[in-house]
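Nothing in this text is a laboratory measurement; each read-out follows from the coordinates by a stated rule. As the structure is a computational prediction, the values presented were derived from the model and not from experiment. Cβ coordinates were reconstructed from backbone atoms using ideal geometry, including for glycine residues, and neighbour counts include every protein chain displayed.
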Amino acid sequence: MNHHHTDSAFTPREDFDARIEQYRRLILTSLDGLSDRQARATPAPGRPSLLGVVRHTAYVEGVWFGEAITGRPRAELGLPVATANSWKTRKADSILSVTEHCRQIHEHSRENLAGLDLADVVTGRSPRSILSLYTHVLSELAWNTGQLDILRSLAVTSPA
């Protein structure tokens, strides 16, 4: 089955937006049917959990579609200052709280990108084109989605 849109009026920006939305759905649904315990489980010490990877995807969007566009500091955006901390779950984190955080970041991303063209250059963090931001986020989300597929297969085989 061909899932690619073939309408010639479909712009590159619309294609990027559709792909970002597809990854967002895949990332959030990676937690479906799991207990909080399963979502927090790590396959090996020092490795991220499903919940940690999902948290990290919100961080990625927050940095590249938030900080890079607006110049607002990470802490003000509700993001960890250090990338290494974006993978870590907090004691208060649950599937519900992390998915809600992701949805808030997604909405902020949509708002920040509204009205911007792929060729536009933003200087919030350092000068970057919107095209550069999209390609960075898409590659990160694709990589994280693959990681989530592996972690999910491990989580569903462990006890709830």
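Table for the structure above
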{"item": "Simple spin-label estimate for Ala84 and Ala44 in nanometres, 7 Å along Cα-Cβ", "result": "1.9 nm"}
{"item": "Degrees, to the nearest 10: 130-155 long Cα axis against longest axis of the chain", "result": "20 degrees"}
{"item": "Ratio Rg/Rh, restricted to region 5-116 and using Cα atoms, in which Rh is the Kirkwood radius", "result": "1.02"}
{"item": "Potential extension, Asp149-Ser35 segment - 0.36 nm per residue separation minus Cα distance", "result": "39.4 nm"}
{"item": "Low-density loop cleavage sites - trypsin sites (Lys or Arg not before Pro) in region 1-90, where at most 14 other Cβ are within 10 Å (DSSP)", "result": "Arg90"}
{"item": "Rounded tilt (10° steps) of 12-29 against the dominant C-alpha axis of the chain", "result": "10 degrees"}
{"item": "Virtual spin-label span in nm between Gln104 and Ser129, 7 Å along Cα→Cβ", "result": "3.4 nm"}
{"item": "Computed [θ] at 222 nm, helices only, for the chain once each DSSP H run of length n ≥ 4 contributes -39500 (n - 2.57)", "result": "-17000 deg cm²/dmol"}
